[in-house]
Amino acid sequence: MLNLKHKILSKKAILWDFDGCLCDSERIHFLAYAKAFAHIGHTLNEYEYYETFTHTGAGVAKEIETYNISCNLEEIRTDKAKHYWELISKGAAQIYTEIPEILSILKRNGHVNAIASNSPASEINLILSQQKEKLCIDHVIGIEPGMRKKPYPDLYLKALEVLKISPSEALVIEDSERGLLAAQAAGCDALWIKTNLNERFETKADHLSRLTHEQLLQIIK
């Protein structure tokens, strides 16, 4: 663990995924997608969702293919985004309990904390603005037009460009296989955060270790 602590603290920047990593929001995404699919008469299976949508990122296209659903893919995504915004506007998304302290420790050690997420920055900033205490986040990089979502490396390459650092100077913290693959493609080391939603999954993507939020906190203290 001392070696892992050294690897973490030797980096200049920590690049955080947001949903399921900093924020316990994956079930809110599920609820929003479930509403969107319900409008066309399809019931989204929550157990399958966390693998198809969250872990691998196959998402809407895979759901449509698997269940032979007749619908417009982009309309589903647009409807989902509307429902998700309604849910987070009511304060439904919460930051994981250990995150404020983890971010503070990293900040005191001179690290830059940046978010690089498949979610739009507007959604992330809304959730951050609702927190009781200001989090030690220096940059928010959300998906933008023309950028490919994870598992492509675009978001992490953008973060490296914004922070003016090399891949070897950054550590990515992710909760999904597609995120780990994005980090790998960008040339960054990565940690895999373990939660009750992803603990059943495995991956062949490179990562230094798999830790719960509590374990990560104890390592860097």
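Could you calculate the FRET efficiency of S104 with K149 from 1/(1 + (r/R0)^6), where r is the beta carbon distance between them and R0 is 35 Å, rounded to 0.05?
Using R0 = 35 Å, I get an efficiency of 0.75.
Of A13, T97, N109, whose Cα points farthest to the positive end of the dipole of the stretch 6-124 (charges on the beta-carbon: +1 Lys, Arg; -1 Asp, Glu; origin at the Cα centre)?
N109
Placing +1 at every Lys and Arg Cβ and -1 at every Asp and Glu Cβ, with all other atoms neutral, what dipole size does the chain have around its Cα centre, in debye to the nearest 20?
Roughly 640 debye, rounded to the nearest 20.
Dipole of the stretch 26-89, Cα-centred, from +1 at each Lys and Arg C-beta and -1 at each Asp and Glu C-beta, to the nearest 20 debye?
That gives the stretch 26-89 a dipole magnitude of about 140 debye.
Amide H neighbours of C23 under 5 Å, at least 5 residues apart or on other chains, H built in the peptide plane: list them.
Under 5 Å from the amide H of C23: Y96.
Identify which of V172, V162, V112 has the largest mean-square fluctuation in a Gaussian network model of the chain, with springs joining Cα atoms closer than 10 Å.
V162
Which entry in (1) 11.6; (2) 14.8; (3) 12.8 is this structure's computed mean projected area of the Cα convex hull in nm²?
The value computed from this structure is option (1).
Using only alpha carbon pairs under 8 Å that are at least six residues apart, calculate the relative contact order of the chain and give it in whole percent.
26 percent
Taking the Cα centre of the chain as the origin and placing charges on Cβ (Lys, Arg +1; Asp, Glu -1), which of A159, N45, Y67 is farthest toward the positive end of the dipole?
Positive-end residue among those listed: A159.
What list of ³J(HN,Hα) couplings, whole Hz, do you get for the stretch 67-81 from phi and the Karplus terms 6.51, -1.76, 1.60, once you set θ to phi - 60° and write x for glycine and proline?
These are the phi-based 3J(HN,Hα) values: 9, 6, 8, 8, 6, 9, 4, 5, 5, 4, 5, 5, 5, 4, 4 Hz.
Evaluate the relative contact order of the stretch 26-89 (contact order divided by residue number), counting alpha-carbon pairs under 8 angstrom at least 6 apart; express in whole percent.
45 percent
How many angstrom lie between the C-alpha centres of the stretch 197-221 and the stretch 12-50?
Rounded to whole Å, the Cα centres lie 19 Å apart.
Which of S122, S166, S70 moves the most in a Gaussian network model of the chain with Cα springs under 10 Å?
Evaluated over the chain, the most mobile residue of the options is S70.
Give the residue from A185, I76, A34 lying farthest towards the positive end of the charge dipole for the chain; charges sit on Cβ (+1 for Lys and Arg, -1 for Asp and Glu) and the dipole is referred to the Cα centre.
A185
Quick check on the chain: of the DSSP beta bridges with both residues there, what percent are antiparallel, nearest 5%?
In the chain, approximately 10 percent of DSSP beta bridges are antiparallel ones.
Before anything else, pin down the relative contact order of the stretch 60-183: Cα pairs under 8 Å, at least 6 apart, normalised by residue count, whole percent.
Working: 113 pairs, mean separation 23.5, N = 124.
Relative CO of the stretch 60-183 lands at 19 percent.
Excluding residues on the same chain fewer than 8 positions from K221, give the aspartates and glutamates whose Cα lies under 13 Å from its Cα.
By straight Cα distance, K221 reaches E98, E101.
If the viscosity is 1.306 mPa s and the temperature 10 °C, what Stokes-Einstein diffusion coefficient in µm²/s follows for the stretch 1-99 when Rh is the Kirkwood radius over Cα pairs?
The diffusion coefficient I find is 104 µm²/s.
Taken together, the values in this text are just the output of simple stated rules run on the coordinates, not laboratory data. Being a predicted model, the structure only gives us computed values, none of them experimental. Virtual Cβ from ideal backbone geometry, glycine too; neighbours counted across all protein chains shown.
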